[in-house]
Amino acid sequence: MTIYLIIYLLIIFFLNNLIIKKNFLSSDTGSVHQLFANKSVPLTGGIILILPISYIFFGNENILVLTFLLFFILGLLSDLNILSSSKKRFLLQFLIILFFVLINKLEVLPTRVSLIDEYFQNSSLSYFFTIFCFLVLINGSNFIDGLNGLLVGYILIIFFYLYKLNLISSLDLNNDDFLLFIVTLIFLLSLNLNNKLFLGDSGSYSLSFLLGFILIKIYNLNLQISPYFIILLLWYPCFENLFSITRKSILKLNPLKPDNNHLHQYLFIFLKKKFNYRDLVANNLASILINFFNFTILYIASIDIYHTKFQLCLLLFCVTIYLICFRVLKNSLKLL
């Protein structure tokens, strides 16, 4: 299997360079996926992941394969500017997730909040809560894909701790196959950091959907784990999305319309202007700083994944640090 992976990655590498030369499936300068690049960069991250993910994670789960492919196609249509309406994309996301959740009767239970769990005895409410969680994660992941290495690096951190805590074993995956998937993500990360490709919507939609499904499945198979540990694993993209919606609603802006007023983008601009770093250096440094913080938080969280109050305190700490950094960076940029 290793030799096939090497051949596959080599083929992808040369195809990606060919796509760069042909200027096909390229991002537009100034888009949410391209803060700084002075040339078109292909949105091929999702394409790289299709085969490894399909082979390693899906097996004979036809509904899961279909849903994954639907998210990939939806993202690809967005990348090609065929489906440019954010409202239509959100509606299609909702319908795809609705189909997947109802077919699989997928629920996130229990929450260990008695009032919520009491309401969720009504299966319809629990299903819509699961749909809500997926939508927040998918769109939040798309937001943090605004810097190279940020989303892929963050997902690698999550998989590292799932593997370290032996939670991946719940999925009955072949250990060698899983490690090969990690190698593929690292390869993708290296190209992303070097501005050779972006994940694009096809990559961020499909990869975050897979991650959400994996974490729900792991939690439902290990109910002794605190649900707040699972939330903490995903806190950054989810809070990025929820905070963005709140911020735009207060300013009476369309919450579905993307902008460049996110924490990671403020950090990138601050590093670039304050220290006069080159664009790529400022980009990679911003991604590394954010992911280092998240790596450290998840290291602390992994000490006791069963202690709900401990996990909740860490979650509140993360949210507080985010809000402080957002405010400080925003004010600092006004002075630069």
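What follows is calculated from the coordinates using simple rules that are stated; it is not laboratory data. This is a predicted model, so every value here is computed, not measured. Here Cβ is always computed from backbone atoms with ideal geometry, including for glycine, and neighbour counts include all displayed protein chains.
For the reader, a short list of remarks on this structure follows.
- Listed residues S202, S190, S84, most fluctuating in the chain (Gaussian network, C-alpha, under 10 Å): S84
- Per-bin percent of Cα-Cα distances, region 47-110 [5 Å]: 4, 15, 23, 21, 20, 13, 4, 1, 0
- Ignoring lysines fewer than eight residues from K105 along the same chain, the ones with Cα atoms less than 28 angstrom from its Cα are K87, K88, K217.
- Rounded to two decimals, the Cα-based Rg/Rh of region 2-335, with Kirkwood Rh, is 0.94.
- Contact order relative to length of the chain, as percent, for alpha carbon pairs under 8 angstrom and 6 or more apart: 24 percent
- About the centre of its Cα atoms, the chain shows a dipole size close to 1320 debye [charges on the beta carbon of Lys, Arg (+1) and Asp, Glu (-1) only; nearest 20 debye].
- Taken as Cα centroids, region 176-209 and region 291-336 sit 24 Å apart, rounded to the nearest whole angstrom.
- The chain: most fluctuating residue of S124, S204, S287 per GNM, C-alpha cutoff 10 Å: S124
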